[in-house]
Each structure stands twice: as structure tokens, then as C-alpha cells.
Amino acid sequence: MSGRLFDPRSGSSKRRAVETQDFTAVVLVGYGENLYPFNEGTNVVSKAMLPVGNTPIINSVLDWVVAAGIMEILIVVPSTFHSQVAEHVAEHYSMSTHPRARIDIRRPTEGEKDEDEEQSESTGRVGAGLGGRDGTARLLKRFRNYIKTDFVLLPCDLAPPTSLPLKSILDRHRSSPDAVLTSVFYEPAESVKDSEEKILVALDKSSDELLLVQPLEAMDEELSLRMSLISSHPTLSLTTRLLDAHIYVFRRTVLDLLSTRRTKDLDSMREQVVPWLIKGGWQKGLGERWAPILNPPRKDPFAEALARSTISIPSSSSHYYASPTSSPMSDHTPLPQTSPGSPASPSSRDGSTSAQDERVTHGDSSSRRNKKDRRSGWKCQVIVTAPVPIEAPVIAKGNKADKYKVVAEPDVLIRANSLAGYWELNRRFMRALASNVSGASKAPAATPPRPLVTSSDEATGTAPAISPAAQISPDSLIGEGSRVGEKASIKKCIIGRHCNIGKGAKLTGCVLWDFVTIEENARIENTIICSNSRIGEKSQVKDCEFGTGFEAKPGANYKGDRLVAGQEA
């Protein structure tokens, strides 16, 4: 009997894992609009599957999430790339390797659609704001029933720094009960900052509140700020040095707010919803309208138990009980249809205030008002991450007194959402290989990396995959199954799997994806070559990016070109 009452083998660990999950990770996979020529042509690879050091970039995101203890993960992938991502995740994040993780991979069409979407599909209409690719806000509304807790919204192309674990971001959100949003902004590396969208960010450093996010291109020549914002935040500061990392920790009630809008009126979380959440945190009218949804009165478990008892409750009770199956205080107060920079304020269609707008319980919200008299009872906070200088070792030159420092790589957040960002991620990987080799310089001898001989080679006794006469620098990576011919030279390169580097070919600073063929005596420098491509013999290639399936004729000369299969320079 006692064994039945308590058995440590009865799955209690699984039950405990479910009960302690207070966050869900939502990873949105985009199309990679800024990654031409990687995003066009045949057999295009999903942005989530872009290889960095021969490993898909989404691995860094999923590993970051799992390391923070989040096991509920929802990945929304375009139908075109669903099978690619699903097969990769099933292979590398299976029950055998990650038994506690519950990863749900969905197509955008698998979410819950409202009447407007269903009517548009039934009539075959493409307009009415529902055509084309779905915005992030629309997707979150569609999948809101898959998300039961507060959630962190992440891009699929993120390489976070080691100095910024996701757990620290979640802990910041946990420790701020009045935060409806916790976002991350970062100072970019010099090599990528010119390729990113420039934004103006206003924040209060004393309270870590995010007060304004505005693209510089959408701004007028003059910047106007409300006096109410300046008076309530006298330590407000403006900067254009920061970029949006697209890392958002949202309160679950944000999905309740999205559910009050028609799907066709929703578009981007970053461009539409986040700016208005920020504005509602300090603007009185907007904050009061949204407070019943975003910041509902807390439930009293004892009062709720009494409400379900057979004893009648006096009608004068001040407690409000939200239905557990519906959005708390859902008054269908709409999000504004205007742009973030518009001075218009949201209101109901007839211009009147709904009855439930007045049903704001001030008992709980007043206790959370700070000294600045925040009327909405909630705020948007920000975490700023900057490149962290790594302490470099000091090495003495023999017995001399003078010393020099080894150049160390700064710890910085990078996204592969542009060619510059993707280049930087791979170059950082190669520099890491070089630093590992220099750190082991005291070893008797540093040998260049060599891939393992395949089982077929061992069985047939054929020559090794890399010719002994080939030269490969220690800061290069050679993928499994690849072959390098004699007298070939590879320096500071990442070579994918099952590539073939011909005799006498010279590669410097290149990134080759899987199944790439470089024919004899080709010269390639600072170039990315996607999968299933071929570079003809004696070709000269410098500072280029080639899409999947690209073929360069023998003796071709390319410089500074971005081409897909079938294109000529």
C-alpha cells in the first residue's frame, strides 16, 4: 500500500517538470528576405537551417532555450520549409537526447483561424489584408491556444553571447511583476551595424523602462516628445546605437489583447504591437483602456472557492472572477489600426468607452504603482547587452621584460538575418578555431584537422579523404565525407560535408555548404558557395555569394557578384 502512495519511479519527475514550466518558447522561422542569393533558386534552405560551422543556426537557439530550463517549445515554420526543419529537429532533439523537451513544429496554416480568414479562403479572395505572408502578430493570435503561460518570442537566426543566458532574461521578467514585456536590445559588432535598420530608442536607465522605439527612416526632421513622458521620466535618454534583438518576453495576457482584434488588422509584433505596448505603459488613456486585459485583477483562490460553494455570496462583493476559458476582462478593446508613429489613440468604433473599460479594480493596481504614478499598472522594460571584452592572456617574450597581449574575440550578440551577420558568425567561428589552436600552442605539435575516413574507404582500402600533399590551416574546418586533392590549399575556411576540392585549388576565407565541387586549380577568396554548386577549373572568384545549384564555367572570373543558379555575371 505504501508503495502505491509514493513511488519515485511512478513518473513524478515528469509531473514536476510540467508543473514548474512557467514559460513557453515560441520560435518563428522566417523566409530570410535579406539573405539574397541564399533565399532564391531551387532547393532553397530555410533560414533556420543556415549552417554556421556546419551546424544549423537554429541549434544555437534551441540549445539556448533548453539550457534555460524551458521544455515547452513551439516552432512555427513556413510550409515550404516545414519538412526540412521537422526532420532536423526530430534527429537532433529526439526523446533519446532531450527526453524532457516537448517541441511542437507547426505550419502557419495549422493555427486557429477567425471568421475573416475562413471567409477569405472560402471566397478565394487574396486581399483584405490577408494575402501574402503572415505577420508575427497574426501568427501569435492564431496559435494563442497553444501557449498556456508567459512566453518568450525568439527568432530562428540568433547566436546569443555566452554572457547573456536566457535564464537571466527570464529571471528579470519574473522579478518584475508589473512588466508586460521584457525586451533585449544590443550594441552590434562594427562589421554588421551598417547592414541593420537604424532605430531611435528612448529608455529610462534608472528604472530600465523602454519608452520609445522608432525607425529613423519613418521619422520627421524634428522629434517631438510628450511632456507627460518627459515629466514622468526625467532621466530619459535617447540613443541610436542599439539594435532590436527581437527577443521578447511577453505576459500571457498580451495574447488576450491580440484576441480582441480581427486577424486582418494584425501584422508585425515589432512594428505594430510592441510600440503600442510601450506607449501604453506611460500614456494614461491608452494604458487605462488596455489595463483590464493586460493587467487584470489577481484572483483570490479563497474567494473563488467560496464562489463555487453552496453558500450565497453577498451581491456587494467587490471581487471579479474571470472565466477560466476566456480572456480575462476581455472587452474587445481594439488595437489601433494606425502606424506606431501616428498620434491617433485607439478607441471603440462608435467612439464610446465600453462598460468593461470602467471595470478596473484599483485595489491591486494601486499597490503596484511606483513613485512616478504609473496609471496603467504595467510597464515595458529593457535589457541592453553590449560587447563584453574578454580578458586576454599576457605572454612574455622569453626572459625579456616587455609583454604583449593576445587579441581576444569580444562576446557579442549576432543575428544571421543579413549577409553581413551571416558572414560575421562564420568568421567568428573561424577565429574561435584559431584561438583554440593558439591556446594549445604549448603542445608538442599542432596538426591540421582531418576528417575521418569513411567506412567505405576503410573497407576498400582507398586513399584517405585528404591528400597528404594538401595544405590545410588549423583555423579551417572540413566536414565529414569531404575530399581534398593533392597540392590543394585551404586557409581560414569552413568546408561542408561531402565536398570535393580538386587538385591544386586554393581557397582562402571561404564558406562552402554541403555537396560543393571545386575543380582543379580554381582560386576562390572571401566567398560563400551554397549547396550543390560547382566552380569550374581555373576559375577566379573573389568576394562573391552564390546560391544553391550555381555553376561557374571553367576559366570564369567573378568579383563582387551575388548570383543564383542560371545567372551570369
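Tabulated values for the structure
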quantity: Filter result (aliphatic (A, V, I, L, M) and within 10 Å of residue 138 (Cβ to Cβ)) within the stretch 257-286; calculated: 258, 266, 269
quantity: Identity of the residue in the stretch 150-185, among the hydroxyl-bearing types (Ser, Thr, Tyr) and modelled with pLDDT of 95 or more, that ends up farthest from residue 35 (Cα to Cα); calculated: 168
quantity: Residue list for the stretch 22-52, restricted to those being among the polar types (S, T, N, Q) and assigned to a loop (DSSP other than H, G, I, E, B); calculated: 34, 39, 42, 43, 46
quantity: Sole exception among (1) surrounded by 12 or more Cβ atoms within 10 Å (Cβ to Cβ); (2) more than 30 Å from residue 252 (Cβ to Cβ) for residue 174, by number; calculated: (2)
quantity: Pair list, Cβ < 8 Å and 6+ apart or interchain, from the stretch 556-569 residues that are on the phi > 0 side of the Ramachandran plot and open to solvent by less than 90 Å² (accessible area, probe 1.4 Å) to residues that are among the basic types (Lys, Arg) and at pLDDT 95 or above; calculated: 560/542
quantity: Pair list, Cβ under 7 Å, 6 or more apart: the stretch 538-552 residue over 14 Å from residue 512 (Cβ atoms), other residue acidic (Asp, Glu); calculated: 542/525
quantity: Cross-chain or 6+ apart pairs with Cβ under 6 Å, the stretch 218-245 first and aliphatic (A, V, I, L, M), then in a helix (DSSP H, G or I); calculated: 229/282
quantity: Test: residue in the stretch 84-106 that is over 30 Å from residue 560 (Cβ atoms), basic (Lys, Arg) and crowded, with 17+ Cβ neighbours inside 10 Å; calculated: yes
quantity: Residue count for the stretch 239-262, restricted to those that are open to solvent by less than 80 Å² (accessible area, probe 1.4 Å) and within 29 Å of residue 196 (Cα to Cα); calculated: 15
quantity: Residues of the stretch 53-98 classified as without any contact (Cβ under 8 Å) to a residue 60 or more places away in the chain, of a type in the set (Gly, Ala, Ser) and part of a helix (DSSP H, G or I), total; calculated: 4
quantity: Residue list for the stretch 55-83, restricted to those being over 13 Å from the mean Cα position of the chain (by Cα), crowded, with 20+ Cβ neighbours inside 10 Å and closer than 20 Å to residue 512 by Cα; calculated: 56
quantity: Members of the stretch 24-51 found to be open to solvent by 30 Å² or more (accessible area, probe 1.4 Å) and not charged (D, E, K, R), listed by number; calculated: 31, 34, 36, 39, 41, 42, 43, 45, 49
quantity: Within the stretch 253-275, considering residues that are touching a Ser or Thr at 6+ places or on another chain (Cβ under 6 Å) and of a type outside the set (Ser, Thr, Tyr), the one farthest from residue 113 (Cα to Cα); calculated: 269
quantity: Every residue from the stretch 99-110 that is of a type in the set (D, E, K, R) and outside any loop (DSSP other than H, G, I, E, B); calculated: 102, 104, 106, 110
quantity: Residue in the stretch 290-303 that is aliphatic (A, V, I, L, M) and farther than 30 Å from residue 113 by Cβ present; calculated: yes
quantity: Candidates 206, 224 - the one that is in contact with a His (Cβ under 9 Å, 6 or more places away or on another chain) and open to solvent by 80 Å² or more (accessible area, probe 1.4 Å); calculated: 206
quantity: Odd one out for residue 457 among (1) of a type in the set (D, E, K, R); (2) at pLDDT below 90; (3) part of a loop (DSSP other than H, G, I, E, B); calculated: (3)
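The values are calculated or read from the model by the stated rules, or taken from the named source; none is laboratory data. Since the model is a prediction, treat every value here as computed from it, not as a measurement. Don't worry about glycine lacking a Cβ; one is built from the backbone with ideal geometry, like all the others, and counts go over all protein chains shown. Note: accessible area is taken over every heavy atom of the protein model, side chains too, but ligands, DNA and RNA are not part of it. Shrake-Rupley method; radii C 1.70, N 1.55, O 1.52, S 1.80 Å.
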